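The values are calculated or read from the model by the stated rules, or taken from the named source; none is laboratory data. Remember, it's a predicted structure, so these values are computed and weren't measured experimentally. With ideal geometry, Cβ positions are generated from the backbone for all residues, glycine too; neighbour counts draw on all protein chains shown.
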Amino acid sequence: AQTVTQSQPEMSVQEAETVTLSCTYDTSESDYYLFWYKQPPSRQMILVIRQEAYKQQNATENRFSVNFQKAAKSFSLKISDSQLGDAAMYFCAYRSVKGAQKLVFGQGTRLTINP
Amino acid sequence: DAGVTQSPTHLIKTRGQQVTLRCSPKSGHDTVSWYQQALGQGPQFIFQYYEEEERQRGNFPDRFSGHQFPNYSSELNVNALLLGDSALYLCASSLGQLSGELFFGEGSRLTVL
């Protein structure tokens, strides 16, 4: 079974600075998807960024980028120019390409932005 | 364009009772998945419904059951509630069973006393 581990329960960063959230995963599959989701106090999970395992190029979405290291099974999220609205719980998630769309989530990292 | 809507937003039940949670998928979506998120934890997959059938199930007991209606909306039923069933229940919808981005609702917060 696949597992996802986020070793940082809490992180904080100064506004406008850069922060990196860590995620490692375990799988025997060679093809899969990885995601970072944001969950603000409104509770709704919002997709931040997605990475296909077969792609060597790291995904980027505006101020958000990932460092995908397939051999190390590592998938970190970098947030540049942090903004107050980035404060939330961040979850790393894994999904197999086979079968239904079951997401396996990590425990989450609570990100605080200091003004 | 309405997103994923869930009801009720909050509810309180006592041990042994039964609860039904409801989900309307995003317009145009035909697949619904349910997740349980205990306090301070990441969500855990309960099951997925597509074409009115349960397609995949996570590690949850038979007390958890569901249904999908012809209009693609879905219900999650939990029987014989336990204290440990207290959690945020998230519904997610997508277009297609195998691919497509998941869109989440804001969840139903269940408290079991």
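Counting only residues that are closer than 25 Å to B:T111 by Cβ, over 11 Å from the mean Cα position of the chain (by Cα) and not charged (D, E, K, R), which one in segment B:69-92 is surrounded by the most Cβ atoms within 10 Å (Cβ to Cβ)? Full working, then the answer.
Restricting attention to segment B:69-92, the residues satisfying the condition of being closer than 25 Å to B:T111 by Cβ are B:73-92.
Within this subset, residues satisfying the condition of being over 11 Å from the mean Cα position of the chain (by Cα) are B:79-87.
Pick out the ones that are also not charged (D, E, K, R) and you get B:79-84, B:86-87.
Details: B:N79: 14, B:A80: 11, B:L81: 19, B:L82: 12, B:L83: 10, B:G84: 8, B:S86: 17, B:A87: 21.
So, considering only residues that are closer than 25 Å to B:T111 by Cβ, over 11 Å from the mean Cα position of the chain (by Cα) and not charged (D, E, K, R), the one surrounded by the most Cβ atoms within 10 Å (Cβ to Cβ) is B:A87.
What about B:F64, is it without any contact (Cβ under 8 Å) to a residue 40 or more places away in the chain and either surrounded by 19 or more Cβ atoms within 10 Å (Cβ to Cβ) or among the charged types (D, E, K, R) (or both)? Break it down into steps so the answer makes sense when it comes.
Numbers: without any contact (Cβ under 8 Å) to a residue 40 or more places away in the chain: yes; either surrounded by 19 or more Cβ atoms within 10 Å (Cβ to Cβ) or among the charged types (D, E, K, R) (or both): no.
No.
Okay, residues lined up against (1) basic (K, R); (2) within 22 Å of A:T3 (Cα to Cα); (3) buried (at least 17 other Cβ atoms within 10 Å of the Cβ):
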| site | (1), (2), (3) |
| --- | --- |
| A:E29 | no, yes, no |
| A:Y32 | no, yes, yes |
| A:P40 | no, no, no |
| A:Q69 | no, yes, no |
| A:L77 | no, yes, yes |
| A:Q83 | no, no, no |
Next item on the list: Filter segment A:1-33 down to the residues that are of a type in the set (A, V, I, L, M) and modelled with pLDDT of 95 or more, then identify the one that is nearest to B:L88 (Cα to Cα).
Entry: A:V4
Margin query: Considering only residues that are surrounded by fewer than 21 Cβ atoms within 10 Å (Cβ to Cβ) and over 14 Å from the mean Cα position of the chain (by Cα), which ones fall in segment B:27-51?
Written below: B:S27, B:G28, B:H29, B:D30, B:L39, B:G40, B:Q41, B:E51
Checklist line | One residue from B:G58, B:G66, B:G96, B:G105 being more than 13 Å from the chain's Cα centre (by Cα) and within 14 Å of chain A (Cβ to nearest Cβ) | finding: B:G96
Next item on the list: Taking B:T31 as the residue in question, decide whether it is within 12 Å of chain A (Cβ to nearest Cβ), within 27 Å of A:Q107 (Cα to Cα) and among the β-branched types (V, I, T).
Entry: yes
